[in-house]
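No lab work stands behind these numbers, since they all come straight from the coordinates. These numbers come from a predicted model, not from an experiment. Cβ placement follows ideal geometry from the backbone for every residue including glycine, while neighbour counts extend to all protein chains displayed.
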Amino acid sequence: MHRSSHSQALQGQVAIVTGSARGIGKAIAAGLAARGADVVISDVDIDGAQATAQEISALGRRSLAQQCDVAQRAAVEQLVQTTVSELGRLDILVNNAGITRDGLLVRMSEEQWDRVLDINLKGTFLGCQAAAKVMMRQRAGKIVNVASITGLIGNPGQANYSASKAGVVALTKTVAKELAPRGINVNAVAPGFIATEMTAEMSEKAQAAFLEQIPLRRAGTPEDVAEVVCFLASAAADYITGECLVVDGGLTMR
């Protein structure tokens with residue numbers, strides 16, 4: 001799955017991946033580890049995080065599991081502090097943690113709106129802020145934020161989610177401009193229809209309708225997204241910053 005030519009691309013580097021107990025986050029963590037990085041697994045689900053961390057350790061990498069609600073500043077700062085104290089540095093941050101609380105606009109509660117914006121957008125802001133303080137001292141680092149095509153084109157029933165992900169794209173560009181003079185690259189990926197536990201909740205009819213619109217005629221896999229994140233986290237992307245790479249099988253091509 002992960003090509004051997006990548007095997008040492010991130011040797012000696014330390015990464016944090018939020019929301020990495022399962023799904024896309026877990027695939028990203030595995031991809032970074034396969035390329036030589038030590039990886040901190042961060043999730044609200046500590047049991048899932050520990051299981052993923054054990055899988056990373058089995059690859060011969062150092063790995064920590066940390067329980068973290070990314071909407072809480074103290075928790076995010078503790079996550080970064082623990083990473084640096086235990087593993088010595090922080091080279092890569094992937095802000096992947098995200099939730100959905102779908103509902104049509106006219107029926108959406110403030111709680112549905114607030115929770116999604118807190119995790120998806122505020123959580124990404126807090127992660128960028130905490131990591132930047134470490135990376136600025138190092139004068140090096142890579143931040144990759146996980147957005148979504150819904151943040152680019154919208155999606156009925158996802159006013160909160162699409163607004164949060166559009167915010168992630170704009171936040172990425174501003175943080176990229178602020179941190180570029182310190183040698184820090186900040187980019188985003190915008191996955192399309194990816195087969196995960198989150199999308200498995202959709203009806204078969206809804207999934208089939210989605211697939212008909214995708215030129216490549218298949219759902220994406222978590223690994224499809226992970227490959228792009230690993231590229232953006234590597235030296236191969238040293239001259240790319242402020243970008244949002246769409247990973248959607250051609251669904252939203254213009």
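Okay, helix-only estimate at 222 nm for the chain: each DSSP H run of n ≥ 4 adds -39500 (n - 2.57), divide by all residues, round to 500 deg cm²/dmol; what do you get?
Working: 10 runs with 113 residues, N = 254.
Mean residue ellipticity, 222 nm, calculated: -13500 deg cm²/dmol.
More than 27 Å apart: what percent of Cα pairs in segment 1-147 qualify?
Everything past 27 Å amounts to 20 percent.
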- Query: From the phi of every residue in segment 131-141, what ³J(HN,Hα) in whole Hz does the Karplus formula 6.51 cos²θ - 1.76 cosθ + 1.60 yield, where θ is phi - 60° and glycine or proline is x?
  - Reply: 5, 4, 4, 6, 5, 5, 5, 6, 6, 6, x
- Sequence order, segment 54-68: Karplus ³J(HN,Hα) from phi using 6.51 cos²θ - 1.76 cosθ + 1.60, θ = phi - 60°, Hz rounded, Gly and Pro as x, gives 5, 5, 5, 4, 5, 7, x, 9, 6, 8, 10, 10, 10, 6, 8
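Order of 100, 199 from fewest to most other C-beta atoms within 10 Å?
Least to most surrounded, the residues fall as 199, 100.
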- For q = 0.10, 0.11, 0.23 Å⁻¹, Debye-computed log10 I/I(0) when each Cα of segment 162-254 counts as one equal scatterer: -0.32, -0.38, -1.18
- Lysine pair count for the chain [Cα-Cα under 14 Å; pairs on different chains or 8 or more apart]: 5
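Starting with the fewest neighbours, write out 202, 253, 135 ranked by other beta-carbon atoms found within 10 Å of each beta-carbon.
Details: 202 14, 253 8, 135 26.
Fewest-to-most ranking of 202, 253, 135: 253, 202, 135.
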- Message: What are the equivalent ellipsoid semi-axes of segment 122-221, built from the alpha-carbon gyration tensor (square roots of five times its eigenvalues), in whole angstrom, biggest first?
- Response: 32, 13, 11
- The residues 230, 128, sorted from fewest to most surrounding Cβ atoms within 10 Å, come out as 128, 230
- Please identify every one of the chymotrypsin sites (Phe, Trp or Tyr not before Pro) in segment 174-254 that sits in a loop by DSSP and has no more than 11 other beta carbons within 10 Å of its own beta carbon. 239
- On the first, second and third principal axes, largest extent first, how far apart are the outermost C-alpha atoms of segment 4-246 in Å? 48, 37, 36
- Of the options 46, 184, 232, report the single residue whose Cα projects farthest towards the positive end of the charge dipole of the chain (beta-carbon charges: Lys, Arg +1; Asp, Glu -1). 184
- Could you go through segment 72-86 in sequence order and give the Karplus-derived ³J(HN,Hα) for each residue, using 6.51 cos²θ - 1.76 cosθ + 1.60 with θ = phi - 60°, rounded to whole Hz, and x for Gly and Pro? 9, 4, 4, 5, 5, 5, 5, 4, 5, 4, 5, 4, 5, 6, 8
